[in-house]
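Structure first, then comments.
The values are calculated or read from the model by the stated rules, or taken from the named source; none is laboratory data. Here the structure is a predicted model, which is why all the values come from computation and not from measurement. Glycine also receives a Cβ, built like all others from the backbone with ideal geometry; neighbour counts cover every protein chain displayed.
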Amino acid sequence: MTTIEKQDYDRLSEKKQKEYDFYSEQHPDWTHATVIKRIALAESIGKALDGFGNDDNIDKNPKFQSAVFKAIDEWLRKFPAIHQQVMPFLKAAIEKMNYYIKKGIQVITSIYETIKELFTS
C-alpha cells in the first residue's frame, strides 16, 4: 500500500476499514482503487435499498429491482468509461429477460386456454 493509499484507508470509517480488509483478503489481486470502488458500490446500493424492509420476496418486487438498477447506474456514472461499456450490456440483458418472460407468460396462457377449452366444450 502506498502512502497515499494508506491515507485513503485511514480516512475510512472503522466499518469501512473492516470491509476494505475483508475484500483485500478475499481478492488479493484487487488494487486499492478496486477495493475502494467495491466499498462505494455496496454503500450506494445499501442507501438505495433503505426502506424495503426484510420481505422474503423482496427480489420479486419491481420497485426493489428498479432501485437496484438505478443505484448501479448512478454508481457507474462516476466512471464514464466503464458506464459506457457496461450499461448497454445490462440494458440489453434486461430487455432480453423481459422478452423471454413475456413469451413464457404467452405460452402458459395458451396452455391454460387450451386446457380450459377441452374441459368446457
Can you confirm whether ILE4 is hydrophobic (A, V, I, L, M, F, W, C) and at pLDDT 90 or above?
yes
Return the pairs, sorted by first residue and then second, in which the second residue is surrounded by 10 or more Cβ atoms within 10 Å (Cβ to Cβ), the first residue lies in the stretch 92-121 and is more than 30 Å from GLN65 (Cα to Cα), the beta carbons are less than 8 Å apart, and the residues are 6+ apart or on different chains.
none
So, first residue closer than 21 Å to GLY46 by Cα in the stretch 13-33, second residue part of a helix (DSSP H, G or I) and of a type in the set (Val, Ile, Thr), Cβ within less than 8 Å, six or more apart or across chains; the pairs are LYS16/ILE39; GLU19/ILE39; TYR20/VAL35; TYR20/ILE36; TYR20/ILE39; TYR23/VAL35; TYR23/ILE39; SER24/VAL35
Among the helices (runs of 4 or more DSSP H) lying completely within the stretch 6-121, list those that include at least 2 residues that are acidic (Asp, Glu).
14-26, 62-76, 80-120
